[in-house]
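These notes concern the structure reproduced below.
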Amino acid sequence: MMMQAWLDAAVGGVLGLLVGSFLNVVIHRLPRMMYRDWLRDAAGNLAPIPDVPSLWRLVMGPSAPAPQGLETAAAEALAAVDRLEPLTLSRPASRCGQCGTPIRWYQNVPLLSFALLRGRCGSCSQGIGWRYPAVELAAGLLFALCAWRWGLTPPAALWAAFCALLVCQFMIDLDTQLLPDSLNYLLLWLGLLGSALGWTGVPVSSALWGAALGYLSLWSIFHLYRLATGKEGMGYGDFKLLAALGAWFGADFLVAIVLASSLVGAILGGALLLAGRLAHKDIPISFGPFLAGAGLLCLVVGPDTLRASVPFAFPLVALGH
Ligand SMILES: [Zn+2]
């Protein structure tokens, strides 16, 4: 029995390392694909307008002079974006960020290649960066945990997808302060589906309440905070991410998730402080990585263990709900 669990964990771990290698591609490319789309949309909305100055006056008032050359600049930007080679998650093949040399399959073996190449590109010897093996290792360990806990079963695969999506959101938000909708919604729908299939062990009504209250709680805080201070402390991506986590763990875990996110925030802030990253105070840190980290923490600790060991984080249960 125990032997089987370790075998499953080993299979899960190897799969996780391979998926982690792909997650590095998602983390690097997805924001760039989004930036490209935004630039194309912005330029594409201006370029076909025949008379930008008159449109400008319609919006800004009859005496407002339009900025010079707006439509030419938009057309040039649109043409420049369209000249780029296509960028998707599968194309072009992975290449070195410094010298552009394509990475061969044997240089792309998770962890192993990084160790053999001593963390440097095979052709230009520029450093590859700690984050690539770190993401692979994180995915490997998380997938191994899922396989160990649930065996090689559909629920294990579902929770592995949960881990993969949260690792992506964690890193992408840390890099860009974005939480892509495409990943947030996938996480939300998988959580609701997992509940409906009985794979997450969360009753469907609790998953629905978790999603709705997760969204609305942060939404309310956001608007109250903005009313009181005139500033925006969070983004809509954060509401959607907490909604998704509510769907995966159920409504009674929302307080625990928010508490866990402040714990993750303290740990992450301390780590970045030690690494000297916060020395320049202008590096913005958003709430998304804390939430994503909290979701992973809840999975690793285990919902049942969490409920038993920190009962104060479950006020709804304490009220006999
Ligand atoms: Zn290189």
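The values are calculated or read from the model by the stated rules, or taken from the named source; none is laboratory data. Since the model is a prediction, treat every value here as computed from it, not as a measurement. Cβ placement follows ideal geometry from the backbone for every residue including glycine, while neighbour counts extend to all protein chains displayed. Side chains are part of the model used for accessible areas, which takes the heavy atoms of the whole protein and leaves out ligands, DNA and RNA. Shrake-Rupley method; radii C 1.70, N 1.55, O 1.52, S 1.80 Å.
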Local charge sum around Phe143 (other residues, Cβ-Cβ under 15 Å, Lys/Arg +1, Asp/Glu -1)?
-1
Looking at region 116-191, which trypsin sites (Lys or Arg not before Pro) are in a loop (DSSP not H, G, I, E or B) and have at most 11 other Cβ atoms within 10 Å?
Arg118
Would you work out which of Pro50, Ala144, Gln98 lies farthest towards the positive end of the dipole of region 1-151, given +1 charges on the beta-carbon of Lys and Arg and -1 on that of Asp and Glu, about the Cα centre?
Ala144
Mind checking Rg over Rh on the chain, alpha carbons, Kirkwood formula for Rh?
1.03
Interchain or sequence-distant (5+) residues whose placed amide H lies within less than 5 Å of the amide H of Arg120 are Ile128
For region 40-130, take the convex hull of the Cα atoms, compute a quarter of its surface area, and give me that in nm², please.
9.0 nm²
Contour minus end-to-end for Asn45 and Ile267, with contour as 0.36 nm per residue of separation and end-to-end as the Cα-Cα distance?
75.6 nm
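How large is the Rg to Rh ratio of region 91-238 when both quantities use alpha carbon positions and Rh follows Kirkwood?
Rounded to two decimals, Rg over Rh is 1.08.
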With angles folded into 0 to 90 degrees, how steeply does helix 204-229 sit against the dominant principal axis of the chain? Use alpha carbons for both and round to 10.
50 degrees
Once you've got the GNM for the chain with C-alpha springs shorter than 10 Å, pick whichever of Leu190, Leu245, Leu46 has the biggest mean-square fluctuation.
Leu46
Given points 7 Å out from each Cα along the Cα-Cβ axis, report the Thr305 to Leu116 separation in nanometres with one decimal.
3.5 nm
What does the charge add up to near Pro102, with Lys and Arg as +1, Asp and Glu as -1, over the other residues with Cβ less than 13 Å from its Cβ?
+3
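Note down the net charge around Gly214, summing +1 for each Lys or Arg and -1 for each Asp or Glu among other residues with Cβ under 14 Å from its Cβ.
-1
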Quote the accessible area belonging to Trp150 in square angstrom, nearest 10, computed with a 1.4 Å probe and with ligands, DNA and RNA left uncounted.
80 Å²
Quick check: at a probe of 1.4 Å, how many percent of the accessible area of the chain sits on carbon and sulfur atoms?
68 percent
Surface per residue (accessible, 1.4 Å probe) for the chain, Å²
56 Å²
May I ask for the angle, rounded to the nearest 10°, between helix 70-83 and the longest principal axis of the chain, with both axes built from Cα atoms and the value confined to 0 to 90°?
50 degrees
Note: Gln98 to Arg83 extended length (0.36 nm per residue) minus current alpha-carbon separation gives 3.3 nm
